[in-house]
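Okay, so here's the structure we're looking at.
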Amino acid sequence: MFVGSLAFDLLLGDVHSLKEKRSIVRPIVAELQRKYSVCAAEVGNQDLHRRAEIGVAVVSGEAGFVTEVLDSCERFVAGRPEVQLLSARRRYHGDEDD
């Protein structure tokens, strides 16, 4: 079993409230879940209206599949015009990890 996770640090555009932030972040999270069958959620910076952190996790029997899914998720988020991707941090865990 292989587990991969990805944390996106995002800068939001012309956002002036947490309500406006939610209207941008929620559709991104929902589309990641629907399109890529991953677990996704807003995991940080909840109190800041111009920053967001979205976490994604995927589990598979093949390491290559985990990498492909995370690559696709990263391309999807980077291509969203309403956000600027500041960083994407990946972590992998395999059967040999304790």
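The values are calculated or read from the model by the stated rules, or taken from the named source; none is laboratory data. Everything quoted here is computed from the prediction, not taken from an experiment. Reconstructed Cβ throughout: ideal geometry from the backbone, glycine too, with neighbour counts over all protein chains shown.
Selection over the range 32-53 of residues that are of a type in the set (A, V, I, L, M) and touching a Cys at 6+ places or on another chain (Cβ under 9 Å) gives a count of 3. Inspect all residues belonging to the range 59-77 and state whether any of them is of a type in the set (Asp, Glu), surrounded by 17 or more Cβ atoms within 10 Å (Cβ to Cβ) and at pLDDT 95 or above. For the range 59-77, residues of a type in the set (Asp, Glu), surrounded by 17 or more Cβ atoms within 10 Å (Cβ to Cβ) and at pLDDT 95 or above: absent. Only residues that are closer than 19 Å to ARG75 by Cβ and touching a Phe, Trp or Tyr at 6+ places or on another chain (Cβ under 9 Å) were counted in the range 2-44, giving 7. For the range 33-55, the condition holds for at least one residue, the condition being that it is part of a helix (DSSP H, G or I), modelled with pLDDT of 95 or more and farther than 18 Å from ALA88 by Cβ. The residue of the range 46-64 that is nearest to VAL3 (Cα to Cα), among those that are more than 14 Å from the chain's Cα centre (by Cα) and without any contact (Cβ under 8 Å) to a residue 60 or more places away in the chain, is VAL59.
No other residue among LEU10, LEU86 is surrounded by fewer than 15 Cβ atoms within 10 Å (Cβ to Cβ) and in a strand (DSSP E or B) apart from LEU86.
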